[in-house]
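Below is one structure, written out as structure tokens; the observations come after it.
Nothing in this text is a laboratory measurement; each read-out follows from the coordinates by a stated rule. Quick caveat: nothing in here was measured; it's all calculated off a predicted structure. All Cβ positions, glycine included, derive from the backbone under ideal geometry; neighbour counts span all protein chains shown.
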Amino acid sequence: MAKADLVFTRGPVLTVDPARTRATSLAVVGDRIAAVGHDEVLELVGPDTEVVDLTGKLLVPGFQDAHIHAVSGGMELAECDLTGTVGVPEYLERIRAYADAHPDHTWITGGGWSMESFDGGLPTRQLLDSVVPDRPVLLSNRDHHGAWANTRALELAGLTADTPDPADGRIEREADGTPSGVLQEGAIGLVARLAPAATAEDRLAGLLRAQKLLHSLGITAWQDALLGSFGGMLDPADAYLTAARDGSLTARVTGAMWWDRERGAEQIDELVAKRAELKHGRFRAGSVKIMQDGIAENFTAALSSPYLDACGCATANTGISFVDPKALRAYVTELDALDFQVHFHALGDRAVREALDAVEAAVAANGRRGNRHHLAHLQVVHPDDIARFARLGAIANIQPLWAAHEPQMDELTIPFLGPERAAWQYPFGDLLRSGATLAAGSDWPVSSPDPLAGIHVAVNRRDPEAEDDRVFLPEQRLDLPGAIAAYTAGTAHVNGLDDTGTLVRGNLADLVVLDRDILTAPPEEIAEAKVERTYVGGRLVHSV
């Protein structure tokens, strides 16, 4: 056998294979793993071999993110950033400072504010007017299902008390019907369409900015959950193609093309053409993103029974199914027959059931084609639907960071779901025990892209940065190897990267070195670990 280009020794090495094997050494020849084992691997060391002494630090497969918006996240890093705080005075100071630092910007855009910062989750236009009265401002909240606009932006968009809500969204209003400054879901586009469009150069810079950050967190591959134009955002696909062609894309990326919910099956031929076009090097778009509902905090997640009001009484609202469930079954059946993967946004229990019904219809019509359809978010899952994931081969795409007590959960969600449905939230443990395959992602820039933070919450069901020490539904915790597997082998399966996600001979050498062995450390310290090195195909793309 040829001598290795790269050898890691004095492990531990977590292979994430089905036996959960642990080794102490690993060798790389070219871009692939040549050997995994113990001292015998050192026989592959030659005069030109780079030897990395792990000194007890953990080597794992490269992390992968199953649901992320990397280009928009990277672009937002250069805009008005409100993340990292929940203080309203801090928000206003940052907005004022950004506007003062960018007098040439005709619009102030960005986001990251948290609903928990405001009564009822709703800031006002007057607050924005107090710091930027003369230019339009539009700032997404941290989950990107709502946006905060000032009076100037609302005026430019022509929004008044007489403007009707769009079918797929809601304009929050003052007592007399005047728009109050918050736009929910599809209503965001009423204002966002007027903001200056990002250029191709902006999108490429955003991608490269994001890629650097994600590699620093050990992420070697991801699925971008929205290729297409939606809510004022422009399609990031050109950035991926450019980077793939010029070699600056070092990550492996699967793209999920946006399903236009205002159209029907006539768009499928366009998706077929785009799939053929959007494929080069490490980038390919073979997935279709269908957003079936909204989110619980603004009462647009689709539930099987009504939301409660602040007094605990049933309302008339059960959320929104953006795609008619009967039509959804037909669309998914046709997409499946054409070997598209379907990537569902399904957050409420009715949306989850509608998505599973669509997968079931596809399987009944087409047989099992191995397209690895997956349901993302899964906040509220009816117990009757848990076993359907494994039975249908539908993959549970989880965002673990959200499964913890924090104000948005405790103040804006649980009271309006009621105790029974609140206990159905983020059922990771039940899904895994039922035989479902778990993949994991962040939904960044909605929440942190750090896989170690997500793994920490999946195992502990507590936010490592929160003062609240309560465990959120402890019976739904994952063990640490299972949580790591979701961020590696599980997401590799979703992304169709079958020669990644596990450290076995012949697989691509996508590797991460942590600064400690988290498998032997106390579980409450998982989030303290850091990434020291990240490799893609044996090439070092991040080091500290």
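Model label sites at Asp324 and Ala161, defined 7 Å from Cα along the beta-carbon direction, differ in position by 3.6 nm. Pairs Lys279/Lys326; Lys3/Lys57; Lys274/Lys326; Lys3/Lys212; Lys212/Lys279; Lys289/Lys530: which are spaced more than 28 Å apart, C-alpha to C-alpha? Listed pairs above 28 Å: Lys279/Lys326; Lys3/Lys212; Lys289/Lys530. Annotation for Ala521 and Asp469: the two label points, set 7 Å from Cα along the Cα-Cβ direction, are 2.0 nm apart. For the pair Glu420 and Glu43, a Förster radius of 60 Å applied to the C-beta separation gives a FRET efficiency near 0.50, rounded to the nearest 0.05.
Considering only Ala483, Val380, Ala394, and ranking their Cα positions along the charge dipole of the chain that arises from unit charges at the beta-carbon of Lys, Arg, Asp and Glu, the one farthest toward the positive end is Ala394. In this structure, the amide hydrogen of Asp515, modeled 1.01 Å from its nitrogen in the peptide plane, lies closer than 5 angstrom to those of Lys530, Glu532, counting only residues at least 5 positions away or on a different chain. Restricting the trypsin sites (Lys or Arg not before Pro) of region 246-281 to loop positions (DSSP other than H, G, I, E, B) with no more than 12 neighbouring Cβ atoms within 10 Å leaves Arg263. Computing FRET efficiency as 1/(1 + (r/R0)^6) for His105 and Thr315, where r is the C-beta to C-beta distance and R0 is 41 Å, gives about 0.50. The modelled label-to-label distance between Asp498 and Ala97, using points 7 Å beyond Cα along the C-beta direction, is 5.1 nm. May I ask for the percentage of alpha-carbon pairs in region 1-59 that lie more than 17 Å from each other? In whole percent, the long-distance tail amounts to 31. Axis of helix 325-337 versus longest Cα principal axis of the chain: the two differ by about 30°, to the nearest ten degrees.
What whole-number value in cubic angstrom gives the convex hull volume per residue for the C-alpha atoms of region 424-544? Here the figure is 132 Å³ per residue. Legend: calculated FRET efficiency, Asp129 to Ser304, from the Cβ-Cβ distance at R0 = 56 Å, rounded to 0.05, equals 0.85. For the Cα atoms of the chain, what angle does the longest principal axis make with the long axis of helix 268-277, in degrees from 0 to 90, nearest 10? Taking Cα atoms only, the helix is inclined about 40 degrees. For the pair Asp339 and Ala364 in one chain, pulling the backbone fully straight at 0.36 nm per residue adds 7.5 nm over the alpha carbon distance.
D by Stokes-Einstein for region 264-494, Kirkwood Rh over Cα pairs, 25 °C, 0.890 mPa s: 135 µm²/s. In the chain, the ratio of gyration radius to Kirkwood radius, Rg to Rh, stands at 0.97 when only Cα atoms are counted. Only Cα sites of region 107-192 enter the Debye sum here, all with the same form factor; the resulting log10 I(q)/I(0) across q = 0.17, 0.20 1/Å is -0.59, -0.84, listed in q order. The long axis of helix 200-216 is offset from the longest Cα principal axis of the chain by roughly 50 degrees.
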